[in-house]
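The values are calculated or read from the model by the stated rules, or taken from the named source; none is laboratory data. Keep in mind it's a predicted model, so treat the numbers as computed, not measured. Heads up, the Cβs are rebuilt from the backbone with ideal geometry, glycines too, and the neighbour counts pull from every protein chain shown.
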Amino acid sequence: MIEDILKNKPGGERIMNDYILVAQMTSDHGTSPSRRVKEEYAKGITSLFPNLADPRSKFGFEHYYNAEDGSGYLAWRLKFVQKGASEGQKKTLRQSLTGGPKADRGPFTEANCLTTESLCCEAIALMKHSADEAIIEQDCNLLFGDVTSAKFLEKWPTKCKMTGTSIQGHLDGIMESRQPYLLAVGTQRSVIHKYFIVIDKHAIPCKSPDCLACIDELFKAHFVFGTSYNQDLVIVYNFLQTTIYEIDVENTKVNPRVAELRARMLN
């Protein structure tokens, strides 16, 4: 069915996108096609073009249509065709996807977590002054094991934010709570001497002076401290989490663009 549609539409042989398919779908089944129809179209795409299938998802075609929450490229296009009809937008998740750094796991379940702000500050202070700068790496290894923890730097082996200001001066200037981020210390952007992970006005020294290795540590810090991702970077972090580290792949809702990139990268 999908192959016939693409062959019979101008440019269909080279344009593998939702516009042609949704036009045909609405022509044959109306502007509110059934779940079965949308699944058939999504499945047809990945059957005809196996390299577009997402190997990390359950069926491989969820980035075109995911029946669990009504998301995906075909669903997005249908909503546009329906001119903002709210019916599909109000659907709730049938199964809660709770994967990510705030999920309960292993020894770091809610019952074993630090429950007060003062205890959390004490823990951060301990890490800040610890002689062992690999403590984030150590905790991440406890959470996921050495194999998962090493995946980022195995894929990209290792070989600015601050100038002219003291570290404490930077911390004192923080006026609101923010998600963890990297603080680079050096005389200029091209000459960085040290990296720190900043969280709750504390600067935790990174183990490595290498920028890529510090990004690895920053990602892991989210899981060690159980904090959510920065909303501006959530797509990037979700890509790293599900594609590189392969953490909570089945339990994490990702943007269809992440799934598409993941499919192109892994196939």
(message) Just to check your reading of the model, which residue among 215, 197, 192 is assigned to a strand (DSSP E or B), modelled with pLDDT of 90 or more and surrounded by 13 or more Cβ atoms within 10 Å (Cβ to Cβ)?
(response) 197
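Hey, does segment 162-175 have a residue that's at pLDDT 70 or above and closer than 30 Å to residue 243 by Cβ? Before the answer, list the steps.
Applying the first criterion (at pLDDT 70 or above) to segment 162-175 yields 166-175.
Remaining after also requiring closer than 30 Å to residue 243 by Cβ: none.
Checking segment 162-175: not a single residue is at pLDDT 70 or above and closer than 30 Å to residue 243 by Cβ.
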(message) Being within 19 Å of residue 140 (Cα to Cα) and buried (at least 19 other Cβ atoms within 10 Å of the Cβ) is the requirement here; does residue 210 meet it?
(response) no
(request) Test each condition in (1) more than 26 Å from residue 231 (Cβ to Cβ); (2) modelled with pLDDT under 80; (3) not in a helix (DSSP H, G or I) for residue 122 and report the one that comes out false. (result) (3)
(message) Can you list residue pairs whose Cβ atoms sit under 7 Å apart, with the first residue in segment 202-230 being closer than 25 Å to residue 172 by Cβ and the second being in a helix (DSSP H, G or I) and basic (Lys, Arg)? Count only pairs 6 or more apart in sequence or on different chains.
(response) 202/128; 203/128; 204/128
(request) Identify all residues within segment 176-189 that are surrounded by 15 or more Cβ atoms within 10 Å (Cβ to Cβ), over 17 Å from residue 228 (Cβ atoms) and not aliphatic (A, V, I, L, M); write none if there are none. (result) 186
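Can you tell me which residue within segment 237-267, out of those that are outside any loop (DSSP other than H, G, I, E, B) and among the charged types (D, E, K, R), is surrounded by the most Cβ atoms within 10 Å (Cβ to Cβ)?
Applying the first criterion (outside any loop (DSSP other than H, G, I, E, B)) to segment 237-267 yields 237-244, 256-266.
Then drop every residue that is not among the charged types (D, E, K, R), which leaves 257, 260, 262, 264.
Working: 257: 12, 260: 16, 262: 22, 264: 11.
Step by step, filter segment 237-267, then rank; the result is 262.
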